[in-house]
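Okay, structure first, notes after.
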Amino acid sequence: MKNNNNVVLHFPFEDHGLGGSETWTLTQVDWRRLESFHMRCQRRILHIRWHDYIPNNEVLRYTGLLAASSIVRKRRLGLFGHIARLADDVPANRILRTCCEAQDGVRPCSDWRRARGRPPTTCTQQICRDTRVTVTDALRLVEDRSFWRQIATAGSYGRTLRVQEGRI
């Protein structure tokens, strides 16, 4: 693959293709499809054909873009932090806190029952997977904006998050 320094690659996929991705809860099949679409678009822009045998990591390194799943994780963690830091009387914050309490096993009201069947993956479960901490710990960590930004960035590059003991 030739390195042409005169070419600036602006990739609108991050702006338009991932619109509203902060609220997506995707299955593994959907993640694979999203990643393959992301790579296909980059390869098409760079005029890379299938018989050139260039690995995906090389294409990502050349373009300087993150993987689509990393972009979605970074956006999801950013939205979670924004909503969690809102004032307590804001409806979005109250809903988030109620969802977090429900995930911890607290029922919204005494006569509430879960619907039949397997429960769908929720946004709070996605946050737990992205950060590798419980949702109540994530709510505590989000108060420190600079630390939460580091967590979002570490999650976006796929690094393992190691939370300091004093923070939780």
Inset, instruction - Search region 45-59 for residues that are under 13 Å from residue 35 (Cβ atoms) and pair each with any residue that is surrounded by 10 or more Cβ atoms within 10 Å (Cβ to Cβ) and at pLDDT 85 or above when their beta-carbon atoms are under 6 Å apart and the residues are at least 6 apart or on different chains. - result: 56/39; 59/42
Inset, instruction - Say whether the condition of being β-branched (Val, Ile, Thr), part of a helix (DSSP H, G or I) and within 25 Å of residue 38 (Cβ to Cβ) is met by at least one residue in region 72-84. - result: yes
Inset, instruction - Within region 103-134, track down each residue that is part of a loop (DSSP other than H, G, I, E, B), of a type in the set (Ser, Thr, Tyr) and surrounded by 10 or more Cβ atoms within 10 Å (Cβ to Cβ). - result: 121, 122, 134
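For residues that are without any contact (Cβ under 8 Å) to a residue 40 or more places away in the chain and of a type in the set (S, T, N, Q), tally how many sit in region 126-141.
Just the residues of region 126-141 that are without any contact (Cβ under 8 Å) to a residue 40 or more places away in the chain, to begin with: 128-129, 132-137, 140-141.
Going one step further and asking which of them are of a type in the set (S, T, N, Q), we end up with 134, 136.
Residues flagged as without any contact (Cβ under 8 Å) to a residue 40 or more places away in the chain and of a type in the set (S, T, N, Q) within region 126-141 amount to 2.
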Legend entry - Residue count for region 83-102, restricted to those that are more than 19 Å from residue 22 (Cα to Cα), of a type in the set (A, V, I, L, M) and surrounded by 13 or more Cβ atoms within 10 Å (Cβ to Cβ): 1
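Per-residue answers, yes or no, for (1) within 16 Å of residue 24 (Cα to Cα); (2) touching a strand residue (DSSP E or B) at 6+ places or on another chain (Cβ under 8 Å); (3) at pLDDT below 85:
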| residue | (1), (2), (3) |
| --- | --- |
| 90 | no, no, no |
| 96 | yes, no, no |
| 100 | no, no, yes |
| 103 | no, no, yes |
| 106 | no, no, yes |
| 110 | no, no, yes |
| 114 | no, no, yes |
| 128 | yes, no, yes |
| 137 | no, no, no |
Inset, instruction - Determine which single condition residue 30 fails, assuming it passes every other condition in (1) within 25 Å of residue 151 (Cβ to Cβ); (2) surrounded by 15 or more Cβ atoms within 10 Å (Cβ to Cβ). - result: (2)
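Return the residue satisfying two criteria in turn: it lies in region 44-71 and is outside any helix (DSSP H, G or I) and buried (at least 17 other Cβ atoms within 10 Å of the Cβ), and of such residues it is farthest from the chain's Cα centre (by Cα).
So in region 44-71, the residues outside any helix (DSSP H, G or I) come out as 46-49, 53-55, 64-67.
From what is left, the residues that are buried (at least 17 other Cβ atoms within 10 Å of the Cβ) are 46, 48, 65-67.
Numbers: 46: 26, 48: 28, 65: 15, 66: 12, 67: 11 Å.
For region 44-71, the residue satisfying everything is 48.
Inside region 25-37, can you point out the residues that are in a helix (DSSP H, G or I) and in contact with a Leu (Cβ under 8 Å, 6 or more places away or on another chain)? Steps first, answer last, please.
We begin by selecting, within region 25-37, every residue in a helix (DSSP H, G or I); these are 28-37.
Answer for region 25-37, where residues must be in a helix (DSSP H, G or I) and in contact with a Leu (Cβ under 8 Å, 6 or more places away or on another chain): just 34.
For (1) of a type outside the set (A, V, I, L, M, F, W, C); (2) in contact with a Gly (Cβ under 8 Å, 6 or more places away or on another chain), each residue gets a yes or a no:
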site: 47; (1), (2): yes, no
site: 56; (1), (2): yes, no
site: 65; (1), (2): no, no
site: 70; (1), (2): yes, yes
site: 78; (1), (2): yes, no
site: 81; (1), (2): yes, no
site: 89; (1), (2): yes, no
site: 99; (1), (2): no, no
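Looking only at residues in region 135-152 that are acidic (Asp, Glu) and not in a helix (DSSP H, G or I), which one is farthest from residue 100 (Cα to Cα)? I'd like the intermediate steps shown before the answer.
Filtering region 135-152 for residues acidic (Asp, Glu) gives 137, 143-144.
Next, only the ones that are not in a helix (DSSP H, G or I) stay: 143-144.
Working: 143: 15, 144: 18 Å.
Here the residue is 144.
The values are calculated or read from the model by the stated rules, or taken from the named source; none is laboratory data. Remember, it's a predicted structure, so these values are computed and weren't measured experimentally. For neighbour counting, all protein chains shown are included, and Cβ atoms are generated from backbone atoms with ideal geometry for every residue, glycine included.
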